[in-house]
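In what follows, a single structure is set out as C-alpha cells and then discussed.
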Amino acid sequence: MYLKAITITFLFVLLESCHSPEDSAINTATEPQVYEVEIKGMKFVPEELWVNSGDMVIFTNKDMVVHDVTQDPGREWTSKPIPVDSSWKRVFTLSENYLCSIHPIMKGKIKIR
C-alpha cells in the first residue's frame, strides 16, 4: 500500500511537470470596470476620477435640475440633457475634462491610469 501511494504521488508530480508555462499562467488581464459619478448639488461627485482605459463611467443626475456631460474643451461628445433621476454612460479610453454645458461652472475630470 505504501509503495502504491509513492507511485501515485510520483506520477502526479511527473504529470504536473509536463505542463507548459502557459497552462498554469494566471490571467492578469483585468475586465473593464464600471464607475459612477453622481451629479448633485451643482457638482460632479467625484470631480476627478481615475479609471483604466476601457472602463465605463455612469453619470447619474441626482440633482433638482437637468444637466449634461460635455467634453471640455472641444465639445466633441455630449450626453445631451440628463433628466433628474436618469443616467448616461460612456467608455473612456483617454483622459478627458468635461463640464455641464448648461451650467459651465460644473467641471470634472476622468483620468486614465
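The values are calculated or read from the model by the stated rules, or taken from the named source; none is laboratory data. In this text the structure is predicted, and so the values were computed from the model without any measurement. For neighbour counting, all protein chains shown are included, and Cβ atoms are generated from backbone atoms with ideal geometry for every residue, glycine included.
Below are the figures for this structure:
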{"read-out": "Set K109, K62, K43: member being among the basic types (K, R), at pLDDT 95 or above and in contact with a Ser or Thr (Cβ under 9 Å, 6 or more places away or on another chain)", "value": "K109"}
{"read-out": "Any pair with Cβ under 8 angstrom, 6 or more apart, that starts in region 24-37 at a residue that is closer than 14 Å to V57 by Cα and ends at one that is in a loop (DSSP other than H, G, I, E, B) and modelled with pLDDT of 80 or more", "value": "P32/N52; P32/G54; Q33/N52; V37/P46"}
{"read-out": "Flag if V37 is within 15 Å of K109 (Cβ to Cβ), touching a strand residue (DSSP E or B) at 6+ places or on another chain (Cβ under 9 Å) and in a strand (DSSP E or B)", "value": "yes"}
{"read-out": "Residue selected from region 50-71 under the condition closer than 19 Å to I105 by Cβ, in a strand (DSSP E or B) and not β-branched (V, I, T), by the criterion nearest to the chain's Cα centre (by Cα)", "value": "F59"}
{"read-out": "Unique residue being of a type in the set (S, T, N, Q) and exposed (fewer than 14 other Cβ atoms within 10 Å of the Cβ) when the list is T60, T70, T93", "value": "T93"}
